[in-house]
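**Q** Let me give you the structure first, and then I'll get to my questions.
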Amino acid sequence: MLLNIEEVQFRYGGLVALDSVSFSLKKGHGISLVGPNGSGKSTLIDVISGFLTAHQGGCTLGEISLHGHSPSKIAELGLCRTFQYPRNSGGLSCFENVLAASLSADSMQWYQAFRPRTIRQAKERAQKWLDTVGLSDMSDELAATLSFGQSKLLNLACVLVREPKIVLLDEPVAGVAKQYRHKLISILEQLKAQDVQILIVEHDLDFVRSISDSVIVLDQGKILAQGATKETLALPKVLKAYVG
């Protein structure tokens, strides 16, 4: 199922934050949303993932309209996201955070979650993704003790343990140390190889160039340009939007 964004409009009162935004994702393809602060990037991610509702237009996943669905329902459909400011449970360990996400990913009656086989499989998935994001050494540490960058990686593990078909990443490398950035690029390349659709909001253009197959440039809620990453970012009108 491919994600399609169709003529999405969103307003904060009288302020138009998104104005007729349309595009589609492709399997195994990474697209980055870039643009100046206030251009509508995070608002669009919130609309797609169900935290905001478009005033006009909408988003579809294959033949399924996402309009009116809760974020949890959209996640069940296979579209999951990270947050600019991670929403981990600080009082739980890193492992417990990912384990909870792993258990919530399975469609089951509540009592089935207590079956030994279910718990064992969920624990295996949780440990796998902690290892993958490079936090295995901090498995027993409380999430509240993590650095900002480590918290983002934990948030990513909680998303990927659900094995989504579409991943939305809101500023994934902001505050993340260099060694973890390389790890993240490797993870995203693996996901693309598995036909996962990836949409990234990011200000770090070096990171965008290293991982994105194409970019969409937003400016004042409208698509200013879109296309192959290197060529699009070099367009004079894109440079002007950034520099002024």
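**Q** Cβ-Cβ under 8 Å, sequence separation 6+ or interchain: first residue in the stretch 232-244 and modelled with pLDDT of 85 or more, partner hydroxyl-bearing (Ser, Thr, Tyr). Which pairs?
**A** Listed by first residue and then by second, the contacts come to Thr232/Ser214; Val238/Thr232.
**Q** Every residue in the stretch 190-230 that is touching a Lys or Arg at 6+ places or on another chain (Cβ under 9 Å), without any contact (Cβ under 8 Å) to a residue 40 or more places away in the chain and not in a helix (DSSP H, G or I), please.
**A** The answer is Asp204, Ala225.
**Q** From (1) surrounded by 19 or more Cβ atoms within 10 Å (Cβ to Cβ); (2) in contact with a Ser or Thr (Cβ under 8 Å, 6 or more places away or on another chain); (3) under 23 Å from Ile187 (Cβ atoms); (4) touching a residue at least 40 places away in the same chain (Cβ under 8 Å), pick out the condition that doesn't hold for Ile74.
**A** Just one mismatch for Ile74, condition (4).
**Q** Then there is this: Only one of these conditions is not met by Ser136: (1) crowded, with 23+ Cβ neighbours inside 10 Å; (2) of a type in the set (S, T, N, Q); (3) modelled with pLDDT under 90. Which number is it?
**A** (1)
**Q** Take the stretch 11-42 and flag every residue that is modelled with pLDDT under 95, crowded, with 17+ Cβ neighbours inside 10 Å and among the polar types (S, T, N, Q).
**A** Ser39, Ser42
**Q** Oh, and also: Only residues that are touching a strand residue (DSSP E or B) at 6+ places or on another chain (Cβ under 9 Å) and in contact (Cβ under 8 Å) with a residue 24 or more places away in the chain: list them for the stretch 54-71, please.
**A** If the condition is that a residue be touching a strand residue (DSSP E or B) at 6+ places or on another chain (Cβ under 9 Å) and in contact (Cβ under 8 Å) with a residue 24 or more places away in the chain, then Ala54, His55, Gln56, Gly57, Gly58, Cys59, Thr60, Leu61, Gly62 are the ones that fit.
**Q** May I ask you to list the residues in the stretch 73-113 that are modelled with pLDDT of 90 or more and among the hydroxyl-bearing types (Ser, Thr, Tyr)?
**A** Thr82, Ser93
**Q** Here's a follow-up. Restricted to the stretch 55-93, and to residues that are within 14 Å of Leu3 (Cβ to Cβ), small (Gly, Ala, Ser) and not in a strand (DSSP E or B), which residue is farthest from the chain's Cα centre (by Cα)? Let's see the steps before the verdict.
**A** Let us first name the residues in the stretch 55-93 that are within 14 Å of Leu3 (Cβ to Cβ), namely 57-67, 69, 74-75, 77-81.
Checking the rest, the ones that are also small (Gly, Ala, Ser) come to 57-58, 62, 65, 75, 78.
Then drop every residue that is not not in a strand (DSSP E or B), which leaves 62, 75, 78.
Values: Gly62: 18, Ala75: 11, Gly78: 12 Å.
Checked the stretch 55-93; the qualifying residue farthest from the chain's Cα centre (by Cα) is Gly62.
The values are calculated or read from the model by the stated rules, or taken from the named source; none is laboratory data. Everything numeric in this text was worked out from a predicted model, so none of it was measured. Heads up, the Cβs are rebuilt from the backbone with ideal geometry, glycines too, and the neighbour counts pull from every protein chain shown.
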